[in-house]
1. With the condition being among the small types (Gly, Ala, Ser) and within 25 Å of PHE134 (Cα to Cα), I'd like the strands (runs of 3 or more DSSP E) fully within segment 1-120 carrying at least 1 qualifying residues.
2. Kindly establish whether ALA68 is without any contact (Cβ under 8 Å) to a residue 24 or more places away in the chain and surrounded by 12 or more Cβ atoms within 10 Å (Cβ to Cβ).
3. Hey, can you tell me all the residues within segment 80-90 that are crowded, with 18+ Cβ neighbours inside 10 Å and either aromatic (Phe, Trp, Tyr) or free of Cβ contacts under 8 Å to residues at least 40 places away in the same chain (or both)?
4. Restricting to segment 50-72, name every residue that is under 17 Å from the mean Cα position of the chain (by Cα) and not aliphatic (A, V, I, L, M).
5. So, in segment 92-117, exactly how many residues are touching a Ser or Thr at 6+ places or on another chain (Cβ under 9 Å) and either charged (D, E, K, R) or in contact (Cβ under 8 Å) with a residue 40 or more places away in the chain (or both)?
6. Which of the numbered conditions does SER4 fail, given that it passes all the others? Conditions: (1) modelled with pLDDT under 95; (2) crowded, with 16+ Cβ neighbours inside 10 Å; (3) of a type in the set (S, T, N, Q).
7. For the list (1) among the polar types (S, T, N, Q); (2) surrounded by 15 or more Cβ atoms within 10 Å (Cβ to Cβ); (3) more than 30 Å from LYS114 (Cα to Cα), I need the number of the one condition that GLN17 fails.
8. Do the conditions hold for LYS46, that is, is it loosely packed, with under 12 Cβ neighbours inside 10 Å and within 18 Å of the chain's Cα centre (by Cα)?
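The values are calculated or read from the model by the stated rules, or taken from the named source; none is laboratory data. Worth saying up front: this structure is predicted, and the values here are computed from it rather than measured. Here Cβ is always computed from backbone atoms with ideal geometry, including for glycine, and neighbour counts include all displayed protein chains.
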Amino acid sequence: MYQSEINIRVRYAETDQMGFCYYGNYAQYFEVARVEMLRSLGISYKMLEDQGILLPVTDFSIKYIKPAYYDQNLTIKTFMRILPNVRIAFDYETFNESGELLNEARTELVFLKKETMRPSRAPDELIRKLKPYFDV
């Protein structure tokens, strides 16, 4: 398993009338989390796109437990529990400053060749960098 962690502060514009972080913002927060996870491995989305690889989201699910509020500094822990193949999955846990679990989520993406828009295997470089973290 590979994991990483980022912090994101809830901005005023991201709150709703109740003062909660609007639920739709979490998709963007998780995008930041997974992009930074890959960057921590030395892989950037830009590099993948330059190689003709796209990564559209095919599934997104979230379980809300508690709300986040304006100006809270959230910690998002991102986990890759399965070595990617044609698909790559990310699990997330979001915590507030008190360490309370706010939500749990998952996104699945598929590797696509840009020229054909057909699924393809994960890039060899990504697999090579991830293998030490998995029992294979």
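1. Ranges flagged: 2-9, 57-64, 87-95, 101-110.
2. Answer is no for this residue.
3. Residues satisfying the conditions are ILE88, PHE90.
4. Scanning segment 50-72 gives PRO56, THR58, ASP59, PHE60, SER61, LYS63, TYR64.
5. Final tally of qualifying residues: 15.
6. (1)
7. Every listed condition holds for GLN17 apart from (2).
8. yes
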